[in-house]
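The values are calculated or read from the model by the stated rules, or taken from the named source; none is laboratory data. Here the structure is a predicted model, which is why all the values come from computation and not from measurement. Glycine also receives a Cβ, built like all others from the backbone with ideal geometry; neighbour counts cover every protein chain displayed.
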Amino acid sequence: MENKFTKYDLNSMNSNLLYFGTQIEHACQLGSNIAKDLFSEDPDEFMILGMGGSAIGADLLKSVIKQATGESIRININRNYDVPTYINNNTLVIASSYSGDTEETLSAFEKAIDKTDKLFAITSGGKLEKICREKDIPFLKIPPGFQPRAALAYSFFGLLYLFINNNLVNDEFNYEMRLSIAELSNNIKKITERYSSHENSNPAFRLANNLFGQIPVVYSSAGLLDSVNMRWRGQFNENAKSLCFGNVLPEMNHNEISGWVLPQDMISRFRIILLRDKSVNSRIKVRLEAIKEIFTSMGLEVDEFYGIGEHFLSRLFDLIHLGDWASYYLAVLNKQDPMAIPLIMKLKEILAKTRTE
């Protein structure tokens, strides 16, 4: 399989994965330099604007804060051209656009500027940086040269350090995050080694081989792992050029489970992936076991994965790295360049012709 990597990985996605630990280290260095006391008053709620790979860091932040604090912090993630009417000067609006030119994010941010003076941005440049400089809006400048989905550490840790440095949650959260970051920094090399070998003992490599010719369906708990679930689906879509579906529990137990009957000739093409964590609600654990039993009785293959680590942040990134590597291996098996996104580029070409500005 070695020659397949050089043949199909034309833009070195492999290097991005191998050096993800270095990216985390650099992202933490940049994030730790975010100014303190940026806002004269603490915001009551948070609105993070973003799309695709630039938004997934916000999803992960929401999961981490929820696991640490419950529902005490109100964070909404806006994937649209508009912003809700309820935004006011008590809302901190954060724009996350890797390129700085994501049209949905720019549209929403420009509208938010008229509603609140609590603003921040994370970007590598583009129009978003220009807006921030013109209007004196604080922002974190991150390195260019990545695909947005391959710059996850910059988007996530930029957000996390904004919250830590400005004490936007509480002291206990800040302390827990510093311990979590230290554990992740110590473990990331081992995590990369675990998933980068081309051996069947590597769960990412094994999963990719199991998924070849199949359609993955990812299930997880709502709240804690829905962000990882979304990341996995996006990575299989963009890297492996494969359809991938998913949902969260308990909601899928009340509707989607009934759909696993028809069309009968398609059911066998799916392979189930369960993403799990030791901290989820005990009834969710029971429900995951129940659907596992149902799918197995239908003759479907079920793969399940737990993140490894003492702290939730480490377990989260362990699962993320597993999914990233699995989608990379599947891309090579599918004879696809994991970095290239031809259909997204085609879509952008079509949309560019419709602009009136």
Residue identified as buried (at least 21 other Cβ atoms within 10 Å of the Cβ), out of contact with any helix residue (DSSP H, G or I) (no Cβ under 8 Å at 6 or more places or on another chain) and in a helix (DSSP H, G or I) among Asn210, Asn229: Asn229
Single unsatisfied condition, Ser40 versus (1) among the small types (Gly, Ala, Ser); (2) surrounded by fewer than 16 Cβ atoms within 10 Å (Cβ to Cβ); (3) part of a helix (DSSP H, G or I): (3)
Test: residue in the stretch 77-91 that is of a type in the set (Ser, Thr, Tyr), crowded, with 19+ Cβ neighbours inside 10 Å, within 22 Å of Arg133 (Cα to Cα) and free of Cβ contacts under 8 Å to residues at least 60 places away in the same chain: yes
Residue satisfying condition, being charged (D, E, K, R), surrounded by fewer than 19 Cβ atoms within 10 Å (Cβ to Cβ), under 20 Å from Leu300 (Cα atoms) and touching a residue at least 12 places away in the same chain (Cβ under 8 Å), within set Arg269, Arg283: Arg269
Complete set of residues in the stretch 229-246 that are touching a strand residue (DSSP E or B) at 6+ places or on another chain (Cβ under 6 Å) and under 21 Å from Ser279 (Cα atoms): Asn229, Trp232, Gly246
Of residues in the stretch 255-266 being free of Cβ contacts under 8 Å to residues at least 12 places away in the same chain and under 26 Å from the mean Cα position of the chain (by Cα), the one nearest to Phe317 (Cα to Cα): Glu256
Residues that are surrounded by 18 or more Cβ atoms within 10 Å (Cβ to Cβ) and either assigned to a helix (DSSP H, G or I) or charged (D, E, K, R) (or both), drawn from the stretch 160-173: Leu160, Tyr161, Leu162, Phe163, Ile164, Phe173
Every pair of residues 6+ apart whose Cβ atoms lie under 8 Å, when the first sits in the stretch 52-73 and is assigned by TED's automatic domain parsing to the domain that holds Leu162 while the second is of a type in the set (Val, Ile, Thr) and assigned to a helix (DSSP H, G or I): Ser54/Thr105; Leu60/Val228; Leu60/Ile320; Ser63/Val228; Ile73/Ile65
First in the stretch 14-33 and surrounded by 14 or more Cβ atoms within 10 Å (Cβ to Cβ), second anywhere and of a type in the set (D, E, K, R), Cβ under 9 Å, 6 or more apart: Asn16/Asp324; Leu17/Asp324; Phe20/Asp324; Gly21/Lys189; Leu30/Lys141
